[in-house]
Amino acid sequence: MTGLFNFLAAGIAALLINPIIPGFHPDPSVVAVGEDYYLVNSSFHYFPGVPIYHSRDLQNWEQTGNVLDRPSQLPLKDATSWLGIYAPTIRYNDGVFYMITTNVGNGGNFMVTATDPAGPWSEPIWLEQQGIDPSLYFEDGRCYMVSNPDGVITLCEIDPVTGKTLSPSKALWKGTGGRYPEGPHIYRHDGWYYLLISEGGTELAHGLTVARSRDIYGPYESNPANPIFTHCSSAGQESNIQGTGHADFFQAADGSWWTVFLAYRRYGGEFHHLGRETFLAPVTWANGWPVINDGQPVAERMQVPMAVQPAPRVSRDRHYSFEGLAAGNCPSKALGPEWMHVQEPVAGNYSFQGGKLILKGNGGGKGLNGWHPTALLRRQENPEAGFETRVTLHDGEGGLAVYQIINGYATFSLRRRAGRTEAVVSYRIRNLSHEAAAVPIRTRSATLAVRACEDHYEFLLDGREIARLDSALLSTEVVGGFTGVTVGMYCAGGSVSFDYFNYRETY
């Protein structure tokens, strides 16, 4: 038996529930500092960007903030969910935390630093070597950067303070021939440098490959067992978990090795709408090469060796009240780090007054289909969940949003038309716009709720269902993009106020 099953045979095992960070949390990177673990994810066109999580048991992860929380750190001009922040890497060296990433469409590769992962993080330090998915490796007082310009994994030495390139860029490896060799990370183990990458694209063919060398500059030899991990195989094809890839290895406080990686879960057939999520699996070493989960597919529940028994999974149910919040507070900071905007928010369109959140529609009348829409959103983190608010329409249109991409979303709103108030459920699916329900109501206030049920959404007006939407219509396979469903409150024009917002995963 390999190392993993030797541990299990000895009875040192715990139940691991995957994904460890569900919902739209792609491209995970993690760093261990003593018994503390810090993890970051891609955020694309959302502001603030690069959510950062903390854990001590590897099962429960708390979002402590966002690395990029100021417009000066995160320009998102004209960014869609195809652009923005790709694949951050987090590292720690000599008392300093480093986060390196790519702002696609607004500047390229940069890094920021902090002495406390909760922030504040520095202004961007822009880097010369391009290619997405940059990563850092520290050794003997030197700082190395890898990325994939022109589809080749490339290494250079940089100054970690100024970002200045200190050595010529050296091509290391093109992978095994799969498309899009990306997500490179370098590790040292037993005298070897290991170069871990992803190939196949972040879809069904996604997988992990690895090469090694005695010299950090190469040459690198490919593992004859590549790909070392993929669900695009006979063993993994029946799994609900697919698209496994873009991983980062780390060593826990007890000396054990682990990997975080992205994957998605399918609902309603071959569709995924929650986005790419963060999963965890054990890593062992055999014949000089890393082995993930003993070479077996990963499941949503599995027994793994863990030095510390994880605490019970913490409930993600939340009631958000707007009582006591001052008018000048930024909503995405006042309510919690999980809240986001599509691109940088127009500050004057968000305010708190009299215990209510007041939203004003952005100009142009395009609502969620325009630039910098007035929307306050958080990730849907479970296929079965509920979202509810009490909304009052002053004028225009506003309510709840189920948002995947600029041309893939559903809204449940109040509006005024022909002198009457209506509760309206509308969809935009690429170039198709459809109004599924328009129910007259007697007042300008109503309780709006959306119930997510794995393969569909139900829209409830004052507790009564008035429409449904197949979740496949909001999937990546249908509307595209690199993100996942986010939910929350929006205003398309005029102004609306909200009494509260509830997010529930238990009933």
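The values are calculated or read from the model by the stated rules, or taken from the named source; none is laboratory data. From a predicted model like this one, the values you see are computed outputs, not experimental measurements. For neighbour counting, all protein chains shown are included, and Cβ atoms are generated from backbone atoms with ideal geometry for every residue, glycine included.
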Test of understanding: among Tyr137, Tyr220, Tyr194, which residue is of a type in the set (Phe, Trp, Tyr) and touching a Ser or Thr at 6+ places or on another chain (Cβ under 7 Å)?
Tyr220
For the range 234-255, indicate whether the set of residues that are among the charged types (D, E, K, R) and under 13 Å from Asn18 (Cβ atoms) is non-empty.
no
Identify the single condition in (1) part of a loop (DSSP other than H, G, I, E, B); (2) of a type in the set (Gly, Ala, Ser); (3) buried (at least 21 other Cβ atoms within 10 Å of the Cβ) that Gly163 does not satisfy, given that it satisfies every other one.
(3)
Counting only strands (runs of 3 or more DSSP E) entirely within the range 1-61, those with at least 1 residues that are at pLDDT below 95, β-branched (Val, Ile, Thr) and not assigned by TED's automatic domain parsing to the domain that holds Gln242 are none
Given the conditions (1) under 18 Å from Glu435 (Cβ atoms); (2) touching a Ser or Thr at 6+ places or on another chain (Cβ under 8 Å), which single one is not true for Asp395?
(1)
Read through the list (1) farther than 26 Å from Phe44 by Cα; (2) of a type in the set (Ser, Thr, Tyr); (3) crowded, with 23+ Cβ neighbours inside 10 Å, then give the number of the only condition that Thr392 fails.
(3)
Condition test on Thr447, is it in a strand (DSSP E or B) and under 27 Å from Leu325 (Cβ atoms)?
yes
Regarding the range 200-211, can at least one residue be identified that is within 17 Å of Asp133 (Cα to Cα), assigned to a loop (DSSP other than H, G, I, E, B), touching a Lys or Arg at 6+ places or on another chain (Cβ under 8 Å) and without any contact (Cβ under 8 Å) to a residue 60 or more places away in the chain?
yes
Within the group Gly275, Gly288, which residue is among the small types (Gly, Ala, Ser), in the same structural domain as Pro48 (by TED's automatic domain parsing), at pLDDT 90 or above and closer than 29 Å to Val478 by Cβ?
Gly275
So if I check each of Glu435, Glu454, Glu458, which one is under 21 Å from the mean Cα position of the chain (by Cα), of a type outside the set (Val, Ile, Thr), outside the structural domain of Tyr267 (by TED's automatic domain parsing) and surrounded by fewer than 18 Cβ atoms within 10 Å (Cβ to Cβ)?
Glu454
Does Gly484 satisfy the criteria of being crowded, with 24+ Cβ neighbours inside 10 Å, outside any strand (DSSP E or B), of a type outside the set (Val, Ile, Thr) and outside the structural domain of Ser81 (by TED's automatic domain parsing)?
yes
Members of the range 461-486 that are of a type in the set (A, V, I, L, M, F, W, C) and within 27 Å of the chain's Cα centre (by Cα)
Leu469, Ala472, Leu473, Leu474, Val478, Val479, Phe482, Val485
